[in-house]
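Worksheet: the structure to be examined is printed underneath.
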Amino acid sequence: MLRKCFLCCTLLSLASCLAVSVDSQTAPAKLSATEIADRNVSARGGLQAWRAVQTMSYSGKMEAGGKENVQLPFVMEMKRPRKTRVEIEFANDKAVQVYDGANGWKLRPYLGRRDVEPFTPDEMKSASMESDLDGPLVDYASKGTTVDLEGVETVEGHDAYKLKLAMKDGQVRHLWVDTQTFLDVKIEGIPRRMDGKMQPVEIYYRDYMTVNGLMVPYVLETTVQGVKQSHKMTIDSVVVNPKLEDSLFVKPTAK
């Protein structure tokens, strides 16, 4: 199912190195959760810079999985408040998935389905848990999120602060922030239903580059517990504040 390739921002997609706890005696100097969040926002470009971002557009390729693991061109467009549109080129056609902040719909011509379909309950839950275009720590308090520090762990060979994010709707996610760069290195993804069971998901952020003064990861890799093959999304281009009409996020009417 191509849904696993969509990045709703999350965007994003994966790695095989799981976090391992480190001895507290070798952990970096302790900072509060608030201090870590502030340094993360500063490292990513600063609070005022992110507040000035109203829209973002990403284009690149994402792995589709399977034996050949082909790479599919995609475009993801995001607009406040919490609107996301993803288009993926597949089988000489385009698959579309849109979330307008309250409702979601999809078009899957690769399955022979030419009619717009609503999100499933699992897809709605996943979309509702995705962060806004500025990430989970920018203005987190005003978003109703509580952040707590749960310790320091090793992520892909580097120490990272493990933060617990408690959302206002009661959902809880974990985010790992590098102790040296203060950039996000991993986040707990939305669990996926496989073989009737919900499996944990982790998304790794790599290859940060500066775009209009903002630090943006250009590689996202997603792992699903119990699944050997990961899925990687590689960004080729990022545009900050492109003009995106609201009509892009409106469900089309039946013809």
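Quick notes on this structure:
- The set of residues in the stretch 124-181 being more than 23 Å from Met215 (Cα to Cα), among the hydroxyl-bearing types (Ser, Thr, Tyr) and either in contact with a Ser or Thr (Cβ under 7 Å, 6 or more places away or on another chain) or part of a loop (DSSP other than H, G, I, E, B) (or both) is empty.
- Qualifying position, being over 24 Å from Val172 (Cα atoms) and not hydroxyl-bearing (Ser, Thr, Tyr), among Asp115, Asp132, Asp122: Asp115
- Among the residues here, Tyr208 does not qualify as in contact with a Lys or Arg (Cβ under 6 Å, 6 or more places away or on another chain) and not charged (D, E, K, R).
- Filter result for Glu77 (crowded, with 19+ Cβ neighbours inside 10 Å, at pLDDT below 90 and not aromatic (Phe, Trp, Tyr)): no
- If you check Leu137, Leu107 for being at pLDDT 90 or above and within 22 Å of Tyr205 (Cβ to Cβ), only one passes: Leu137.
- Flag for Gly101 being over 17 Å from Leu248 (Cα atoms), modelled with pLDDT under 95 and either touching a Lys or Arg at 6+ places or on another chain (Cβ under 6 Å) or part of a loop (DSSP other than H, G, I, E, B) (or both): no
- Residue satisfying condition, being buried (at least 20 other Cβ atoms within 10 Å of the Cβ), acidic (Asp, Glu) and touching a strand residue (DSSP E or B) at 6+ places or on another chain (Cβ under 9 Å), within set Asp184, Asp207: Asp184
- Checking each residue in the stretch 190-204 for being loosely packed, with under 14 Cβ neighbours inside 10 Å, touching an Asp or Glu at 6+ places or on another chain (Cβ under 8 Å) and part of a strand (DSSP E or B) picks out only Arg193.
- Residues in the stretch 215-228 that are surrounded by 13 or more Cβ atoms within 10 Å (Cβ to Cβ) and more than 13 Å from the chain's Cα centre (by Cα): Met215, Val224, Gln225, Val227.
- Screening the candidates Val75, Val96, Val41, Val86 for the property of being within 18 Å of the chain's Cα centre (by Cα), of a type outside the set (Ser, Thr, Tyr) and closer than 28 Å to Thr154 by Cβ yields one hit, Val41.
- The stretch 58-75 residues that are more than 25 Å from Thr210 (Cα to Cα), paired with ones that are buried (at least 16 other Cβ atoms within 10 Å of the Cβ) and among the acidic types (Asp, Glu) (beta carbon under 6 Å, 6 or more apart): Asn69/Glu63
- The stretch 63-89: number of residues that are in a strand (DSSP E or B) and of a type in the set (D, E, K, R): 7
- Complete set of residues in the stretch 60-74 that are surrounded by 13 or more Cβ atoms within 10 Å (Cβ to Cβ) and over 21 Å from Ser131 (Cβ atoms): Lys61, Glu63, Ala64, Gly65, Gln71, Leu72, Pro73
- Selection status of Asn92, loosely packed, with under 15 Cβ neighbours inside 10 Å, at pLDDT below 95 and within 30 Å of Gly226 (Cα to Cα): no
The values are calculated or read from the model by the stated rules, or taken from the named source; none is laboratory data. The model shown is predicted, which means the values in this text are computed figures rather than measured ones. Glycine gets a Cβ as well: all are built from the backbone with ideal geometry, and neighbour counts include every protein chain shown.
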